[in-house]
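Colleague: Here it is, the structure, as structure tokens.
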Amino acid sequence: MRGVWHFSFTVADLDRSVAFYRDLLGFALVHRQEQDNAYTRRLVGYPDAVLRVAQLAVPGQPRGVSTHDLELVEYVRPRGEPRDPARHLPGAAHLALTVEDARAEHTRLAAAGVRFVNPPAEITAGVNRGGYACYFLDPDEITLELVQPPASL
């Protein structure tokens, strides 16, 4: 392994998700494209696949081997049904985002209608003791996390 290229979420509505990650969370939109070609169909394993894709990056974060951190994918074909997003199910994942002030971000995002699992909780054990963290949901109920590292980090 040489590095992480990006991480990706499959979403129901690409425009809605881009607006959420760009306008509310502050990601920068790097590129958008429609993928309707033989390579994409081979890659995803669906012979009739058509995808809408957006690539986003965290501003100011050092770039690795890719131009983006997050890829959002909407399957135009085949359309999928939403899955159970429960965090305790095998295969569930979440993305943790570092913030300066978890309580202030919680207040700002909650006022914008973002659904939270919990308000920022103080981390009382482990290497991040003294920091704060909370879970919240994107428009497709994908779990995201705000993490305010402890002052010592």
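Colleague: Pick the calculated Rg and Dmax of the Cα atoms in Å for this structure from (1) 14.2, 44; (2) 16.9, 52; (3) 13.9, 41?
Modeller: Here the calculated entry is (2).
Colleague: Could you size up the charge dipole of the chain around its Cα centre, putting +1 on the beta carbon of Lys and Arg and -1 on that of Asp and Glu, and report it in debye to the nearest 20? If you can, show how the numbers build up before the last one.
Modeller: Working: 16 positive and 19 negative charges, 63 e Å.
So the magnitude is around 300 debye.
Colleague: Expressed as a rounded percentage, what relative contact order does the stretch 95-148 have, with Cα pairs under 8 Å and six or more residues apart?
Modeller: Working: 90 pairs, mean separation 22.5, N = 54.
Relative CO of the stretch 95-148 lands at 42 percent.
Colleague: Helix 102-111: angle to the longest alpha-carbon principal axis of the chain, degrees 0 to 90, nearest 10?
Modeller: 60 degrees
Colleague: Accessible area per residue for the chain in Å², computed with a 1.4 Å probe and the full protein assembly in place, what is it? Don't jump to the answer; show the numbers that get you there.
Modeller: Details: 9280 Å² over 153 residues.
In whole numbers, the chain has 61 Å² accessible per residue.
Colleague: Something else: Give the relative contact order (percent, whole number) for the chain; include only Cα pairs under 8 Å separated by 6+ residues.
Modeller: Numbers: 268 pairs, mean separation 32.3, N = 153.
Relative CO of the chain lands at 21 percent.
Colleague: With springs only between Cα atoms under 10 Å apart, run a GNM on the chain and tell me which of 30, 53, 65 wobbles the most.
Modeller: Looking only at 30, 53, 65, the largest GNM fluctuation is found for 65.
Colleague: Now for a different question. Taking amide H positions as placed in the peptide plane 1.01 Å from N, state which residues far from residue 134 in sequence (5 or more) or on other chains have amide H under 5 Å from it.
Modeller: Close amide H contacts, sequence-distant or interchain: 121, 146.
Colleague: Still on this model: Return the sequence-ordered ³J(HN,Hα) values of the stretch 113-126 in whole Hz as given by the Karplus equation 6.51 cos²θ - 1.76 cosθ + 1.60 applied to θ = phi - 60°, using x for Gly and Pro.
Modeller: Values per residue, Gly and Pro as x: x, 5, 8, 10, 7, 7, x, x, 10, 5, 7, 10, 8, x Hz.
Colleague: In the stretch 71-153, which GluC sites (Glu not before Pro) fall in coil by DSSP and have 11 or fewer other Cβ atoms within 10 Å?
Modeller: Taking the stretch 71-153 and a limit of 11 other Cβ atoms within 10 Å, the loop GluC sites (Glu not before Pro) found are 100.
Colleague: A further question on this structure: For residue 50, what residues show an amide H to amide H distance below 5 Å, using hydrogens built from the backbone and excluding near sequence neighbours?
Modeller: Under 5 Å from the amide H of residue 50: 76, 77.
The values are calculated or read from the model by the stated rules, or taken from the named source; none is laboratory data. This one's a predicted model, so the numbers in the text were calculated from it and none came from an experiment. Note: ideal-geometry Cβ built from the backbone for every residue, glycine included; neighbour counts use all protein chains shown. For accessibility, only protein heavy atoms count, side chains too; no ligands or nucleic acids. Shrake-Rupley method; radii C 1.70, N 1.55, O 1.52, S 1.80 Å.
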